[in-house]
Amino acid sequence: MCSILCNAKCGREAVPAQNVFDIFVIGGGINGCGIARDAVGRGYSVALAEMDDFASGTSSRATKLIHGGLRYLEHYEFRLVRESLMEREVLWAMAPHIIWPMRFVLPFHKGGVRPAWLIRLGLFLYDHIGGRKLLPATRTLDMRRDPAAKPLKALFAKAFEYSDGWVDDARLVVLNARDAAQKGARIMTRSRVASARREDGLWSIDVEDGTTGAVNTFRARMLINAAGPWVDVVLSNAVRKNKVHNVRLVQGSHIVVKKKFDDPRAYFFQNPDNRIIFAIPYETDFTLIGTTDSDFTGDPKNIKITEGEISYLCNAASEYFSEPVKPADVVWTYSGVRPLYDDGASKAQEATRDYVLKIDANNGDAPLLNVFGGKLTTYRRLSEHALEKIGGAIGAKGAPWTAKSVLPGGDFPATGYDAEVSKLRSRYPFLVERHARRLVRLYGTLAASLLGKIDKAEGLGRHFGADLYEVEVQWLISEEWARRAEDVLWRRTKLGLKLTQAEAAGLEEYMRETVRRVA
């Protein structure tokens, strides 16, 4: 067969050499960015197109946990739980700025949803099947004495405390994208794949620029469909197939309220309907409560929390907290669509959270890999398994490498966050403690690169509200593909919780003008 660059000779429309790749990834969520990073690190040429902003769908709307999935044990998903547990400390070491350990308190009383022996058995497995090293083991709490009982009703005499992890989900996505780009991948946001077709043993992919409307054509040896909730839409529309149904869309919604408790631990609450919810310390001043599980049939772009879900979460939390959670307490909500592989489970909360990878290639056709399901905790292993299939389809390159890698800004010890904050404040003494802690949480060792040679507070530039300044916004535009105020306030940071509407509007105007000027 002729070279993949000889487009004109083969009778195809000429495509510039820089638009020809080994792998083209559709989707800028955690799975797409994770696969792109792993692949380019092994030596493949990679392009990725995301129709909106990174993590603008499911990947920024999770419960934000790096966890084994204690409740998945009830559904016998032992492989998924074990893999997830093994990944907790791997990911913590990769990105200690955006991932950190958290202890969870599971209150218990006689006559509750699950008997004590079953909970103990589940937690015993949780402690022992995942290779735990740094995370502390489960222990039993006397709720007559432990501070964890303070915000709860008095009916709980006992609780179990276990370990899992917390993650800034949207930053996990963008840091994977940033590392992929630094390693040579072509990363495009606000770029919609309008069509993809097989031609002469390659994929021909038309990508529409969401800003200019221009359409560019790319060619690739292999196509990766990691579009999350839109994975079936890509198959039905862009790839020109008949309507397909592979994923079960499940809505999960969360509420955020003013801080309900001062304890740094989170709570795991069991509901009478056999569902569970978490109440988690969030962004210093708030408590995150979620999630729901219900089937979703609409357009994922239009998802939003329902009044019924708000009532459900408030009522469920109020069964435990001595001070009830009321709808009027809610300061923010978010909802996401989980694209679960449709395994025929009767209830949304019982559908598998495991991932499924399927190759589509017949008679020498250019291969297509479809990615179904998955979760934040297992994205790195999903990517490794995807690379196994990619290697089998178009030839292997390189060896697995991400287990010992670090994400941008994460090059410090897993337990070294406080030391990094002290180091940053020593170098930039004008930073107040809270501001320094936030910068290290978001950017790790790159916080110093962001601040550069600034030697006084005035050098931070225009103040947009809270502790958001021009120097950070400029960094996010130039280094992290931020284009709208929403990108900054709700994905790169969570400062949308703290800026007023007028301040957010001022940021939007500033960014619109800045992006227009540098385009």
| message | Nothing charged except the Cβ atoms of Lys and Arg (+1) and of Asp and Glu (-1): what's the magnitude of the dipole of the chain about its Cα centre? Round to the nearest 20 debye. | response | 720
| Which lysines have a Cα lying under 16 Å from the Cα of LYS375, excluding residues fewer than 8 positions away in the same chain? | LYS64
| task | Give me the Kirkwood hydrodynamic radius of the chain, using the inverse of the mean 1/r over all pairs of distinct Cα atoms, in Å to one decimal. | result | 24.1
| task | Taking a cut-off of 23 Å between Cα atoms, list the lysines near LYS183, but don't count ones fewer than 8 places away on the same chain. | result | LYS389, LYS397, LYS404
| How many angstrom lie between the C-alpha centres of the range 256-331 and the range 471-511? | 26
| said: With unit charges on the beta carbons (Lys and Arg positive, Asp and Glu negative) and the dipole taken about the Cα centre of the chain, which residue among SER163, LEU382, VAL356 sits farthest to the positive side? | reply: SER163
| For the chain, what is the percent of antiparallel DSSP beta bridges, rounded to the nearest 5? | 80
| field | Karplus-derived 3J(HN,Hα), 6.51/-1.76/1.60, for each residue of the range 438-455, Hz, glycine and proline x | value | 5, 5, 5, 4, 8, 10, x, 5, 7, 4, 5, 5, 4, 7, x, 9, 4, 10
| Of the accessible area of the range 1-131, with the probe set at 1.4 angstrom, what percent is carbon plus sulfur? | 61
| query | What is the magnitude of the charge dipole of the range 46-162 about its Cα centre, with +1 placed on the Cβ of each Lys and Arg, -1 on the Cβ of each Asp and Glu, and no other charges, expressed in debye to the nearest 20? | reply | 820
| task | Place the peptides 92-99, 204-211 in order of packing, highest mean first, counting for every residue the other Cβ atoms within 10 Å and averaging per peptide. | result | 92-99, 204-211
| task | Calculate how steeply helix 307-318 sits against the longest principal axis of the alpha-carbon atoms of the chain, using the helix alpha-carbon long axis, and give the answer as 0 to 90 degrees to the nearest 10. | result | 40
| remark: Summing -39500 (n - 2.57) over every DSSP H run of at least 4 residues in the chain and dividing by its residue count gives a helix-only mean residue ellipticity at 222 nm, to the nearest 500 deg cm²/dmol, of -8500 deg cm²/dmol
| request: Any chance you could tell me what percent of the C-alpha pair distances in the range 192-300 go past 21 Å? | output: 59
| note | Per the charge dipole of the chain (beta-carbon charges, Lys/Arg positive, Asp/Glu negative, Cα centre), the residue among SER84, GLY465, MET511 reaching farthest to the positive end is SER84
| note | With the dipole of the chain defined by +1 on each Lys or Arg Cβ and -1 on each Asp or Glu Cβ, the option from GLY68, GLY496, MET222 whose Cα lies farthest towards the positive pole is GLY68
| field | Charge dipole (debye, nearest 20) of the range 452-509; +1 at Cβ of Lys and Arg, -1 at Cβ of Asp and Glu | value | 140
| request: Just the number, please: carbon plus sulfur as a percent of the accessible area of the range 341-430, 1.4 Å probe, no ligands or DNA/RNA counted. | output: 47
| task | Keeping all protein chains in position, work out how much accessible area HIS128 exposes to a 1.4 Å probe, and write it in Å² to the nearest 10. | result | 120
| note | Measure of exposure for MET188: accessible area at 1.4 Å probe, Å² rounded to 10, is 30
| field | Restricting the range 116-183 to chymotrypsin sites (Phe, Trp or Tyr not before Pro) in coil, as DSSP defines it, with at most 14 other Cβ within 10 Å | value | none
| query | What do you get for Rg/Rh over the range 163-235 if you use C-alpha atoms and the Kirkwood form of Rh? | reply | 1.05
| field | Charge context of VAL421, other residues only, Cβ under 15 angstrom, K/R +1, D/E -1 | value | +3
| note | Probe 1.4 Å, heavy atoms of protein chains only: per residue, the accessible area of the range 416-455 in Å² is 49
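The values are calculated or read from the model by the stated rules, or taken from the named source; none is laboratory data. The model shown is predicted, which means the values in this text are computed figures rather than measured ones. All Cβ positions, glycine included, derive from the backbone under ideal geometry; neighbour counts span all protein chains shown. Side chains are part of the model used for accessible areas, which takes the heavy atoms of the whole protein and leaves out ligands, DNA and RNA. Shrake-Rupley method; radii C 1.70, N 1.55, O 1.52, S 1.80 Å.
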